[in-house]
1. Between Leu74 and Lys53, what is the label-point separation in nm under the 7 Å Cα-to-beta-carbon projection?
2. When only DSSP loop residues count, what GluC sites (Glu not before Pro) in region 78-137 have their Cβ near at most 11 other Cβ atoms within 10 Å?
3. Can you tell me how much longer the chain between Lys176 and Glu101 gets when fully stretched, taken as 0.36 nm per residue apart minus their C-alpha distance, in nm with one decimal?
4. No partner Cβ under 4.7 angstrom, meaning no disulfide-compatible partner by this rule: which Cys of the chain qualify?
5. How do Lys127, Lys53, Lys111 rank by accessible surface area computed with a 1.4 Å probe, from largest to smallest?
6. Mind checking which lysines have their Cα closer than 21 Å to the Cα of Lys122? Skip sequence neighbours fewer than 8 apart in that chain.
7. Among Gly138, Gly175, Gly148, determine the one that fluctuates most according to a GNM of the chain built with springs between C-alpha atoms less than 10 Å apart.
8. Could you give the dipole magnitude of region 126-190 about its Cα centre, charging the beta-carbon of Lys and Arg +1 and that of Asp and Glu -1, in debye to the nearest 20?
Amino acid sequence: PPGAFSSPPPADDSTSPTADDSSALPLPSTYITCGKCKSLFAISSADLGAHGKGRRVKCSVCDNSWYQSRDRLLDIPTQTHELLPLPKSDLERIAKNLEREESADFAGVFKLYVGNLDWNVKEEDLKEFFESGVEGGGEVCDVSIVRGEGGRSRGFAFVTFYEEEVGRKALELNGKECNGREISVREPNN
């Protein structure tokens, strides 16, 4: 799937590799950033063609295209950072934001703290729980489960809603059961 460091296909060459088959390619040492959705893409100078200063590239996440010059490639900090694919939930959020004419990095307007979570609960579980549990329905913009070292859930998360009214209705889910646990739902301290 498209990811944070997959190579975008050139805008004018349909035979070039796409982000979907980038896992078979070696990771270049440089990257670019989409100016619209802020996704990152691994790309080498050779990907920009043999002639000229660069070429047009197209974001595989939001379809934004721009001219990318060789002198504007950024070095991937492999000594201090781990490169991970963009999670499906982030791709979906970006697409929904752009559809709603919000900025790609918009994360909602009303955030809730959700505690006493089952250690195995996933972001998708919480998204479905809140979207189906709120009277009258509503959309969750973002779910962030807080994890400790090693990636294990710390038992709480933050859920953000596109609309404040939906978030306020979600407060009524305090004490309801999610994945076998009675969860705590409240506004965050900060």
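1. For Lys53 paired with Leu74, the spin-label model returns 2.1 nm.
2. The qualifying sites are Glu82, Glu101, Glu135.
3. Working it through step by step, the gained length comes to 23.6 nm.
4. By the Cβ distance rule, which asks for a partner under 4.7 Å, the isolated cysteines are Cys141, Cys178.
5. Sorted descending by solvent-accessible area, the residues read Lys53, Lys111, Lys127.
6. Filter leaves Lys88, Lys96, Lys111, Lys176.
7. Gly148
8. Around 400 debye, computed over region 126-190.
The values are calculated or read from the model by the stated rules, or taken from the named source; none is laboratory data. Just so you know, these numbers come straight off a predicted model, no measurement behind them. So basically every Cβ, Gly included, is an ideal-geometry build from the backbone, and we count neighbours across all protein chains shown. Areas reflect the complete protein model, heavy atoms only, side chains present, ligands, DNA and RNA absent. Shrake-Rupley method; radii C 1.70, N 1.55, O 1.52, S 1.80 Å.
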